[in-house]
Amino acid sequence: MIRTWARSGVRAGAAHARRAVVFVLPGLWVLGVVAWELCRPTGGQLLPLLAAAPAIACAGTGRRKCVLMGGVCALLALVPFGPVAPGAGPATRVTTCGAVLAVIAASYLTAGRRLRLLRDLARAREVAVAAQRVVLRPLPRRIDGLLLAAHHLSASEGAEVGGDLYEVVGTRHGVRAVIGDVRGHGLEAIGTVAAMLGSFREGAHDEPELGGVLRRLERSHQRHLRERAGDGRQADGGEPAGQLAEEFVTLLLVEVARDGSVTALNCGHPWPYRVACRAVTPLARTEPMPPLGLFPLPEEVRAVRCGRLRPGEGLFLHTDGAADARDAAGEFFPLAQALRRGAEAAAAPCGPSPAGVVGEVRAALLRHAGGRLTDDVALVMLSNDRVRVPAEAAGTIPTGGRLPR
């Protein structure tokens, strides 16, 4: 399940309602038994039902209320209500009181174990979240004059990382970003995601060209598959055998230079959108290369030049899980329309806010899918926030070495 905004509100409301019911139910149970004995006396035959109250209290509200409710029930079990039935003397009431006390002790111990298990589960979740954030790190708000925002939705229960990956780093070659989609989704794809991101974080700094970064990612992908396959290799020793040979990754590499020029390499991934104040257009329309892992890269890899990213303009990167999301009627999510509405809603004097655009698209996507996604989704936006400096304001120092008066 995805921990999403659309479903978290419903689950939180349901949890509050359950807690309220469980908190009130033990008292209502006791009042019901006592009222029945007072209105239609049974000679104490219904008093053993009081033993259920402390069990309900421990199951729903904790150990302190269990002891309190159990003490009240034990005392009520000793009180004669109306005429005493034959054979239901003090010994019977003492026996009922003992049964209630036994239920209290068992419920108290069970509630203690439950609380310890809940604390262990909370710690395990904290460790899992920390480990997943190491793999898919939160992006900084700004890198080298570019504003950033990203969000990831996993289709797996309790997971924050799935089969989608993204990263943005600032290098001496410019700001470089990667977004990709591993075949499959959820926890099974995390190993490949970690291998790809680790290779990109190193190669983005070392390789002067995007083609070199892509080749390094290809080598890392092949090495990762060989390690997963163990001894299963083809005769040439270069490719893994079996089902792992069908594992592939769609990748998009984008580089934004200091002057705003954009170059990209696409291996089977959806092209990003260029976002201006009121215009949303695809960054490029050229045919992408095959996904990484299906075929070897060509001998010459040429990056696609995509013009310049002017101040205030942004790039919206996404995985196919966003465009392929369906509603209850089977209609695909209109990503371009939602992106256009998000850019208008998040409009600012210097261009659309990346965080606002990503948030608007995410909310629209979850509304469209009803909070039920069948594939992982990654949304990333980069916005050029570099301020243009007029040439006359740059103020170069004259050759004489003195500033103009």
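Of all residue pairs spaced 6 or more apart or on separate chains, those with beta-carbon atoms under 9 Å, a first member in segment 283-302 that is in the same structural domain as V213 (by TED's automatic domain parsing) and farther than 19 Å from L317 by Cβ and a second member that is surrounded by 11 or more Cβ atoms within 10 Å (Cβ to Cβ) and basic (K, R) are G293/R183; L297/R215; V301/R215. Selection of segment 146-185 for residues being at pLDDT 90 or above and part of a loop (DSSP other than H, G, I, E, B) yields R172, H173. Which one is surrounded by the most Cβ atoms within 10 Å (Cβ to Cβ) among residues in segment 349-364 that are among the small types (G, A, S) and closer than 21 Å to P334 by Cβ? Ranking the qualifying residues of segment 349-364, first place goes to A364. When the strands (runs of 3 or more DSSP E) confined to segment 282-387 are screened for residues that are more than 19 Å from the chain's Cα centre (by Cα) and of a type in the set (K, R), those reaching at least 1 such residues are found at 304-308. Here is the figure for segment 312-358: residues that are over 20 Å from I179 (Cβ atoms) and not hydrophobic (A, V, I, L, M, F, W, C) total 12.
The residue of segment 351-396 that is farthest from D259 (Cα to Cα), among those that are polar (S, T, N, Q) and modelled with pLDDT under 90, is T374.
Only a single criterion out of (1) at pLDDT 85 or above; (2) assigned to a loop (DSSP other than H, G, I, E, B); (3) more than 27 Å from the chain's Cα centre (by Cα) is not satisfied by T263, namely (2).
The values are calculated or read from the model by the stated rules, or taken from the named source; none is laboratory data. Nothing here was measured: the structure is a model prediction, and the numbers come from that model. When we count neighbours, we look across all protein chains shown, and the Cβ atoms used for this are built from the backbone with ideal geometry, even at glycine.
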